[in-house]
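The values are calculated or read from the model by the stated rules, or taken from the named source; none is laboratory data. Note that the structure is a prediction, hence the values are computed from the model and not measured. Neighbour counts run over all protein chains shown; Cβ positions are idealised from the backbone, glycine included. Please note that ligands, DNA and RNA were not included when accessible areas were found on the heavy atoms of the full protein model with its side chains. Shrake-Rupley method; radii C 1.70, N 1.55, O 1.52, S 1.80 Å.
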Amino acid sequence: MTYDPLSEQLLLDWFVALDAPYGFRAELIEGELVLTPPPDGSHEHCLSEIARQMYTRSRTGMACSGNKGLVLAAAESCPRDHMIPDGTLAPAALRPFRGAGPWMPCAGIAMVTDVTGAAPETDRRTRPRCYARGGIPFYLLVDREASSITLFSDADRGGYRERCTRPLGRSLPLPAPFAFDLDTAGFL
């Protein structure tokens, strides 16, 4: 495929102006439009548990945003990714979301988190690759089908070099800036 900057810009302009159906999330992931339906209650329960522990247990005070649009580096021959993780965490002292537009850069983001939903393979394979390419230090994935939680770390342009997986119900150690063991018993 030949790189065409005009086509890329047209696609990005069209995407940013897209009015997704009510409740759906529209993302541009490695050149493909992805529409995600509204999540179920179990999905939101897991996110609530993560946010609660981040606010109360993290060594560094964290700001948390649900469904924040992020602009990430592009894959080869693709426009820049426009992704919306279930949760975006950054040190609160940075005031990362204040004044940010609908699509913000990843600078200062410490972690993004997702809970598997309609497309679990995208969450397991594509999203880690994209988030790592964007320079996000950590990706936390709650995999409801596998009944596990995985922390991806040590990002480079090809993906995350490290991963730590625990079954749901067991604690998952989170490194600095969080520096606490995430209790997953409440996720079950």
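Going by average Cβ density within 10 Å per residue, which order do the peptides 165-178, 130-143 take, highest to lowest?
130-143, 165-178
Kindly provide the helix-only [θ] at 222 nm of the chain, computed as the sum of -39,500 (n - 2.57) over DSSP H runs of four or more divided by all residues, to the nearest 500 deg cm²/dmol? Could the numbers behind the result be given before it?
Numbers: 3 runs with 37 residues, N = 188.
Calculated at 222 nm, the ellipticity per residue is -6000 deg cm²/dmol.
Ignoring ligands, DNA and RNA, what accessible area per residue does the range 56-188 give at 1.4 Å, in Å²?
43 Å²
What is the set of long-range amide H partners of A63 at a cut-off below 5 Å, with H atoms built 1.01 Å from backbone N?
HN-HN under 5 Å from A63: A90, A92.
Does the chain come out rounded, prolate or oblate, given a ≥ b ≥ c as the square roots of the eigenvalues of its C-alpha gyration tensor, rounded meaning a/c under 1.5 and, failing that, prolate meaning a/b above b/c?
prolate
Cα gyration tensor of the range 44-122, axes a ≥ b ≥ c as square roots of the eigenvalues: rounded (a/c below 1.5), prolate (a/b > b/c) or oblate?
It is oblate, given that a/c is not under 1.5 and a/b is not larger than b/c.
Relative to the longest principal axis of the chain, what angle (0 to 90°, nearest 10) does the C-alpha long axis of helix 5-17 take?
For helix 5-17, the angle is close to 60 degrees.
On a 0 to 90° scale, report how tilted helix 41-57 is relative to the longest principal axis of the chain, with both axes built from alpha carbons and the result rounded to the nearest 10.
Once rounded, the angle reads 70 degrees.
Taking all protein chains in place and a 1.4 Å probe, what share, in percent, of the accessible surface of the chain do carbon and sulfur account for? Write out the running numbers ahead of the final one.
Working: 4960 of 9360 Å².
Solvent-exposed carbon and sulfur of the chain make up 53 percent of the total.
Can you give the relative contact order of the range 32-83 as a percent, counting alpha carbon pairs under 8 Å and 6+ residues apart? Could the numbers behind the result be given before it?
Numbers: 23 pairs, mean separation 9.3, N = 52.
Worked out over the range 32-83, it gives 18 percent.
Normalising by the residue count of the range 82-188, find the relative contact order in percent from Cα pairs under 8 Å and 6+ residues apart. Could you put the intermediate results ahead of the total?
On the way: 186 pairs, mean separation 18.8, N = 107.
RCO, the range 82-188: 18 percent.
Quickly work out the L10-to-Y22 label distance, labels modelled 7 Å from Cα along the C-beta direction, and quote it in nm with one decimal.
Calculated label separation equals 3.3 nm.
Give a quick list of chymotrypsin sites (Phe, Trp or Tyr not before Pro) in the range 13-57 that DSSP marks as loop, anything other than H, G, I, E or B, with at most 13 other Cβ atoms within 10 Å.
Filter output for the range 13-57: Y22, F24.
Can you classify the range 19-76 as rounded, prolate or oblate using the Cα gyration tensor, where a ≥ b ≥ c are the square roots of its eigenvalues, rounded means a/c under 1.5, and otherwise it's prolate if a/b beats b/c and oblate if not? List each step's numbers first, then the result.
Working: a/c = 2.94, a/b = 1.50, b/c = 1.96.
Judged from the Cα gyration tensor, the range 19-76 comes out oblate (a/c at least 1.5, b/c at or above a/b).
Run through the DSSP bridge list for the chain and note the antiparallel percent, rounded to the nearest 5.
The antiparallel proportion sits near 80 percent.
How high is the relative contact order of the chain, given as a whole-number percent (alpha carbon pairs under 8 Å, six or more residues apart)? Mind showing how you got there, number by number?
On the way: 362 pairs, mean separation 31.6, N = 188.
Once divided by the residue count of the chain, the mean separation gives 17 percent.
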